[in-house]
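Data block below; observations after.
Each value in this text was obtained by applying a stated rule to the coordinates, not by laboratory testing. Everything quoted here is computed from the prediction, not taken from an experiment. Cβ: placed from backbone, ideal geometry, glycine included. Neighbour counts: every protein chain shown.
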Amino acid sequence: MLDARSIARKIFHFSGASIPLCYLLFGKNTAFVFALVLLVLSTSFEFLRIRGRLDISLVRKYMQVKDSESRTPTGSFFYLLAAPITILLFQEPAAVASLFIVAIADPLCSLAGLQWGRKKIFGKSLEGSSVFFVVSLLILSFFRFPIHIRLIAALIATLTELFTPKWLDDNLTIPIITALVLTLFT
């Protein structure tokens, strides 16, 4: 069920779109530096938070750190780790599209799953995974990939979201695997 903290967490997740947007507006080098700065800040924040030396009640109250993240890095850390890797390793269309997918499709998938998810598949909801696929396909339609490549990439991104093991965060795997698929198939 949706509550204010879940919604706030998902809205925060959307802020990850600032990195691919920076790439589009200012180029690869600026986006890479921006992503690295955010990664360094996030690493510092996570280290202090996990060690119990940083307690930001506002974050706890509104952003809802998951129980599984109380002593491990949050999903946003893994996205900020994936972003500079993706920018560095892949060309603009693949990097930008895959970063938009994880920043937009992933929180929408989660919101849909929380709100309407009834049919479980591998611990996630079929409804949420369907939203992830459709949103990924919509995002990819803004790029000049052939339609069959868009379908393959959206499917692989959805399967990556669905099958990433719990010990490996999907905010890390989705952008890298999606960018790799887009690169290999185009």
Please state the shape class of the chain: rounded when a/c is under 1.5, otherwise prolate if a/b exceeds b/c and oblate if not, all from the C-alpha gyration tensor. oblate
Give the calculated FRET efficiency between VAL33 and THR72 to the nearest 0.05, with a Förster radius of 30 Å applied to their Cβ-Cβ distance. 0.65
Nearest 500 deg cm²/dmol is fine: what mean residue ellipticity at 222 nm does the chain get from its DSSP H runs of n ≥ 4 alone, each adding -39,500 (n - 2.57), divided by its residue count? -23000 deg cm²/dmol
Can you tell me the order of 27-36, 72-81 when each peptide is scored by its average per-residue count of other Cβ atoms within 10 angstrom, highest first? 72-81, 27-36
With 0.36 nm assigned to each residue of separation and the Cα-Cα distance removed, ARG53 to SER18 gains 9.8 nm
Can you list the DSSP H helices in the chain whose Cα atoms extend at least 20 Å along the helix axis and whose mean Kyte-Doolittle hydropathy is 1.0 or higher? 28-50, 75-89, 126-140, 147-163, 170-185
Note down the nm distance, to one decimal, between modelled labels 7 Å out along Cα→Cβ at THR164 and at LEU151. 2.6 nm
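Taking the Cα centre of the chain as the origin, how large is its charge dipole in debye, to the nearest 20, when only Lys and Arg (+1) and Asp and Glu (-1) carry charge on their Cβ atoms?
It comes to approximately 360 debye.
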